[in-house]
Amino acid sequence: MLHEVTEAFFSGSADLVGGEMGEAMRRIVANPGDAQAAAILARQPGYNSRLRTTCVATLLSGGHAQNALPQLAEATVNCRVFPTHDPRACGHGFR
């Protein structure tokens, strides 16, 4: 996914970064559907998060004893939603 801000970021960064990563930036701006360029950029967490919605579990809790299966477990998931992405389309119960 790209929008005008991420397009400008990758366009402006390509020459500064150079190499394979810079070339991937040029390619993703020219063709946002370039899966190979997206895979190269996804190797760097900062670039990966500029391409898509990302979610990570930040807090986990459950159970009452170390040697027993929990009857209940909870997870807090932090999602950074891409600006043009509808959070409801993720299939998560956003609150």
remark   = Length gained if H64 through R80 is fully extended, taking 0.36 nm per residue and subtracting the Cα-Cα distance, is 2.6 nm
request  = Using only the Cα atoms of the chain, each taken as one equal point scatterer with no solvent, compute I(q) by the Debye sum, divide by I(0), and report log10 of the ratio at q = 0.17, 0.25 Å⁻¹.
outcome  = -0.78, -1.25
request  = Using a cut-off of 11 Å between beta-carbons, work out the net charge of the residues near R80 (Lys and Arg +1, Asp and Glu -1, R80 not included).
outcome  = +2
ask   = Which value in deg cm²/dmol, rounded to the nearest 500, describes the helix-derived mean residue ellipticity at 222 nm for the chain, given -39,500 (n - 2.57) per DSSP H run of n ≥ 4 and division by the residue count?
value = -13000 deg cm²/dmol
remark   = In degrees, nearest 10, the alpha-carbon axis of helix 4-17 is tilted away from the dominant principal axis of the alpha carbons of the chain by 70
query = In units of 2.2 N^0.38 Å, what is the alpha-carbon radius of gyration of the range 4-51?
reply = 0.95
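Bear in mind these aren't lab numbers, they're just calculated from the coordinates by the rules spelled out. Quantities reported herein were computed from a predicted structural model and do not represent experimental measurements. Methodologically, a virtual Cβ is constructed for each residue, glycine included, from the backbone with ideal geometry; neighbour enumeration extends over all protein chains shown.
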